[in-house]
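The values are calculated or read from the model by the stated rules, or taken from the named source; none is laboratory data. Quantities reported herein were computed from a predicted structural model and do not represent experimental measurements. Positions of Cβ are generated from backbone atoms using ideal geometry, with glycine treated the same way; all protein chains shown enter the neighbour counts.
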Amino acid sequence: MEEDPTTQELRVSQMRRERAERERAEQAPTEDAAEQHARRAEKNAFLRERLEQRAEAERQAAREDAEEASEDERGP
């Protein structure tokens, strides 16, 4: 089973935000602005990683559900 579409969409969104903030950090006119954008990029990276963990948990739950259903079909 695929991960929840919402989880996938959120991961993609965080990845795009992270990239955009890293680009803004590189192009920032001041060191303070660059640091601010870099912090935002790190926050987005953290959130993306958390969403990846959530997606893995969803896949694991789906595998376990499939195994249980298969065992139920076989019977005792």
Problem set entry | Failed condition for Pro29, given (1) assigned to a helix (DSSP H, G or I); (2) free of Cβ contacts under 8 Å to residues at least 60 places away in the same chain; (3) exposed (fewer than 12 other Cβ atoms within 10 Å of the Cβ); (4) not basic (Lys, Arg) | (1)
Exercise. Given the residues Glu42, Glu56, which is the only one that is modelled with pLDDT of 95 or more and part of a helix (DSSP H, G or I)?
Worked result: Glu42
For this session: Only one of these is among the small types (Gly, Ala, Ser) and touching a His at 6+ places or on another chain (Cβ under 6 Å): Ala33, Ala66, Ala25. Name it.
Result: Ala25
For this session: Filter the stretch 32-59 down to residues that are of a type in the set (A, V, I, L, M) and without any contact (Cβ under 8 Å) to a residue 12 or more places away in the chain and give me whichever is surrounded by the most Cβ atoms within 10 Å (Cβ to Cβ).
Result: Ala34
